[in-house]
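The values are calculated or read from the model by the stated rules, or taken from the named source; none is laboratory data. Just so it is clear, the structure is predicted and the values come from calculations on it, not from any experiment. Here the Cβ positions follow ideal geometry from the backbone for every residue, glycine too, while neighbour counts run over all protein chains shown. For accessibility, only protein heavy atoms count, side chains too; no ligands or nucleic acids. Shrake-Rupley method; radii C 1.70, N 1.55, O 1.52, S 1.80 Å.
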Amino acid sequence: MKKITIPVVYSEDHYLHDPKFEIYDGMKEPYAEKPERLTSIMSSLKKEGVAVVIPSKFPVSHIENLHQKAYIQFIKNRSEKLEEQAVLYPSYFLMDTYTPITSGTYQAALSSVNTVLTGAQLLIQGERAVYSLCRPPGHHAEHKAMGGYCYFNNAAIAAEYLSKIGKVAILDIDFHHGNGTQQLFFERDDVLYVSLHADPVVRFPYSSGFVEEIGSGTGKGYTRNYPLSLGTNDETYLSVLRAALADVKKFNPDFLVVSLGFDTYEKDPIGGFALSLPFYITIGEEIAALALPILFVQEGGYFVPDLGKMAVNFLHGVQSRLS
Ligand code: OKP
Ligand code: ZN
C-alpha cells in the first residue's frame, strides 16, 4: 500500500472541550463527542507516519463571515466565565440539549476553526488533499445557534474562505444531516451543498435534510439531500454516493470540502447504517477520483476503538487515487 502523504492538521487544544454529560430526552448520558475520538485517530495516523501540521491562528473575522457577532461573543463570554468543571446548558442560541458550554469550549472551537482554515490555506498553496482533524465538529452549527455538539461551522467557514478564490462544493458524508452548512449556503449558487445522511424522520436533526430542500432564490438547485434508511449497507451507500459525486462533478467546482463523519459505521453507537470497515477505502477512492483539491474536515464518528482504522482506510483509499 502507498504511504499516506496527505498532511494532517491537528492541535491538542481540542482537549480543552470535554463536557461530562449530554441530556437526552431529559436524562443525563455520558458525552459521546469526547476527546478520545481524536486520540484514537491520531495514534493510528502516527503509526502510518503521517506529517502533522500545527494550525496557524486566523482572525475571528473568518467566523464572523458566517456567524452572528453576538452569538460568537456569547460563547466566548460564557465560556471564559465558567469554573473548570462546570457544564452550562444556556437558555439562548442553542437548538438542543447536546451542546453545552464549558470553560474550554470557546478556545477549542476557535482552534477547530483554525485547523480547517490552515487546511484550506494548504490547498490554496497547491496541496492536493488535506485532512483537518478537528473537534468540536461543526456541520450542525447555524448562523446563530449551536447544536449537535457543534459551535462554529468549521466546514462552512473553510468553504467560505475558499470561495473567495473559486467555486466550492461541500460533500457531507456524516451520518447526520448538516443543517447548519445547508442553512449558511441555502441562498447561494457559488457553494454547492450535497449531503448523504440518515432519514431525518428518524434521526437528528429531525427538522431538515429532506429531498424537497433544494435551496432558494439564486441558491435554488445548489442544495441536494440524499436521506437514507437505517440499515443502509455498503452497496446501497455506494450507489447513492456516486449520484452525489455526479452532482459535484456537474457543478464543476475548483475545491471540494468534505464533511467527514465516521458515524456511518456499522458499530457506531449513535448511528444506524451498516457500513463495513473496508468500505471506507472505497469511499476514499470514489471521492478522490474526482481529481479536485480536497479538504477533509472531521465531523462525527463515535465508536472510538475503530475510529483510527476508519481514518487510515479512508486515507489509503484517497491516496491510491492521487496521481
Ligand atoms: C453530531 B454529528 C445520543 C443522542 C445523539 C445528537 C447527534 C449529534 C450528531 N445520546 N444526538 O453530526 O456527528
Ligand atoms: Zn454525525
Most to least packed among 142-152, 172-182 [average Cβ atoms within 10 Å]: 172-182, 142-152
Principal axis dimensions, region 91-213 - Cα atoms, whole angstrom, descending: 41, 40, 22
Inverse of <1/r> over all distinct C-alpha pairs of region 130-172, i.e. the Kirkwood Rh in Å, gives 11.1
For 81-94, 58-71, ranked highest to lowest by mean beta-carbon neighbours within 10 Å, the order is 58-71, 81-94
Using 0.36 nm per residue of separation minus the Cα-Cα distance, give me the extension gain between THR39 and ASP199 in nm, one decimal. 54.6 nm
Per principal axis, largest first, the Cα atoms of the chain extend in Å by 50, 48, 40
Just the ratio, please: alpha-carbon radius of gyration of region 42-126 over 2.2 N^0.38 Å, N its number of residues. 1.32
Enter the mean projected area of the convex hull around the alpha-carbon atoms of region 180-323, in nm², rounded to one decimal. 8.1
Mind ordering 303-312, 105-114, 220-229 by average Cβ neighbours within 10 Å, highest first? 105-114, 303-312, 220-229
When the charge dipole of the chain is computed with +1 at the Cβ of Lys and Arg and -1 at the Cβ of Asp and Glu, the Cα pointing farthest to the positive end, of ALA244, ILE165, SER103, is that of ILE165
With the dipole of the chain worked out from charges on the C-beta (+1 for Lys and Arg, -1 for Asp and Glu) around the Cα centre, which of ILE41, GLY219, PRO7 lies farthest toward the positive end? PRO7
Can you give the FRET efficiency to the nearest 0.05 for VAL211 and ILE165, using r as the Cβ-Cβ distance and R₀ = 25 Å? 0.20
Could you give each residue of region 289-300 its phi-based ³J(HN,Hα) in whole Hz, using Karplus coefficients 6.51, -1.76, 1.60 with θ = phi - 60°, and x for Gly or Pro? 5, 5, 6, 10, x, 10, 10, 8, 10, 5, 10, x
Students often forget the sequence filter, so: which lysines lie under 19 Å Cα-Cα from LYS2 once same-chain residues fewer than 8 apart are removed? LYS46, LYS47, LYS309
To check you understand DSSP bridge types, tell me what percent of the beta bridges within the chain (both residues inside) are antiparallel, rounded to 5. 20
What are the aspartates and glutamates whose alpha-carbon lies under 13 Å from the alpha-carbon of LYS57, with same-chain residues fewer than 8 places away excluded? ASP13
Choose one answer from THR39, THR236, THR264: the residue with the largest mean-square fluctuation in a GNM of the chain with alpha-carbon springs under 10 Å. THR236
Between VAL257 and residues 5 or more places away or on another chain, which pairs have amide H atoms under 5 Å apart, with H built 1.01 Å from N, and which residues are they? ALA169, ILE170, LEU171, LEU295
In the full protein assembly as shown, how much of ILE283 is accessible to a 1.4 Å probe, in Å² to the nearest 10? 0
Which helices, counted as full DSSP H runs in the chain, have an axial Cα extent of no less than 24 Å and a Kyte-Doolittle average of 0.0 or above? 105-124, 234-251, 304-321
Cα-centre dipole for the chain with unit charges at Cβ (Lys and Arg positive, Asp and Glu negative), debye to 20: 740
GNM top mover of GLY300, GLY49, GLY219 - the chain, alpha-carbon springs below 10 Å: GLY49
Probe 1.4 Å - accessible area at ARG203, Å² to nearest ten: 60
Spelling it out for THR264: with amide H atoms placed in the peptide plane at 1.01 Å from N, the residues 5 or more places away or on another chain with amide H under 5 Å from its amide H are PHE175
For the chain, what is the relative contact order in percent, using Cα pairs closer than 8 Å and at least 6 residues apart in sequence? 19
What percentage of the solvent-accessible surface of region 1-100, computed with a 1.4 Å probe over protein heavy atoms, is contributed by carbon and sulfur atoms? 53
Kindly report the accessible area of region 1-80 per residue (heavy atoms of protein chains, probe 1.4 Å, no ligands, DNA or RNA), in Å². 56
Among the lysines, which fall within straight-line cross-link reach of LYS220, defined as a Cα-Cα distance under 30 Å, with same-chain neighbours fewer than 8 residues apart omitted? LYS69, LYS144, LYS164, LYS167, LYS249, LYS250
Nearest-0.05 FRET efficiency for ASP25 and LYS267, computed from C-beta distance (R0 22 Å): 0.40
